[in-house]
Amino acid sequence: RAIFELRTADTGIDGRGMLAVELDFRTLNLNPEQGALLADRIQNRISALPGVQNATLSTTVPSGGRHWVTQATLPEHEQFRAQPVGLSYNAIGPDYLKTLGVPLVRGRALSADDGRGQPLVAIVNQAFARQYFSAVNPLGKHIRMDSVSWEIVGVMGDVRYESAGYPAEPTIVLSYHQ
């Protein structure tokens, strides 16, 4: 019964007809730019396969049991300007929201135009917006990680990265090209 309930639980994505494949580039000893180029080539080849409607890349698979966590500060937030907060994060490819059926609640999604040399931008989930910016619009606010500042340009629906049985954690989503 527990397995059935997890299979039908709301994970925040539309998984019908979806296939997730895990690739580990660490053994290839690529620099970030080479890794991004290889990822793009793989995504383009998968997208060209017959019957594939959408394809995207991501460092974390929703409800995959693993997710990345980082510490960040929120420069425009009175309480968390200096006190770090823990956030889940995910680096994604273009069309991530469309491919997974995740709603864009506010602002814009990340695109192929959000690459190297462009302003650093991010989207956050609704859990992040509720927890840290419940009284104000988070668009245009910043998240600072490792002395780098990312501007929030969108708010997406909640996706459960840890497990369908857990509530969505505050999450920041970045372009893997940045």
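The values are calculated or read from the model by the stated rules, or taken from the named source; none is laboratory data. Since this is a predicted model, take the numbers as computed values, not measurements. Glycine also receives a Cβ, built like all others from the backbone with ideal geometry; neighbour counts cover every protein chain displayed. Accessible surface is based on the protein model in full, side chains and every heavy atom, while ligands, DNA and RNA are left aside. Shrake-Rupley method; radii C 1.70, N 1.55, O 1.52, S 1.80 Å.
Before moving on, here are some points about what is shown:
- If you filter the stretch 73-89 down to residues that are among the hydrophobic types (A, V, I, L, M, F, W, C) and part of a loop (DSSP other than H, G, I, E, B), you find that the one that is modelled with the highest pLDDT is 74.
- When residue 106 is tested against (1) in a strand (DSSP E or B); (2) loosely packed, with under 15 Cβ neighbours inside 10 Å, exactly one condition is not met: (2).
Condition check ((1) modelled with pLDDT of 80 or more; (2) open to solvent by less than 90 Å² (accessible area, probe 1.4 Å); (3) within 12 Å of residue 99 (Cα to Cα)) across all residues:
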| site | (1), (2), (3) |
| --- | --- |
| 16 | no, no, yes |
| 29 | yes, no, no |
| 32 | no, no, no |
| 38 | yes, yes, no |
| 46 | yes, yes, no |
| 55 | yes, yes, yes |
| 68 | no, no, no |
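- Some residue of the stretch 131-140 being closer than 26 Å to residue 36 by Cα and either part of a strand (DSSP E or B) or touching a helix residue (DSSP H, G or I) at 6+ places or on another chain (Cβ under 6 Å) (or both): no
- Which numbered condition residue 123 fails, given (1) open to solvent by less than 10 Å² (accessible area, probe 1.4 Å); (2) farther than 20 Å from residue 55 by Cβ: (2)
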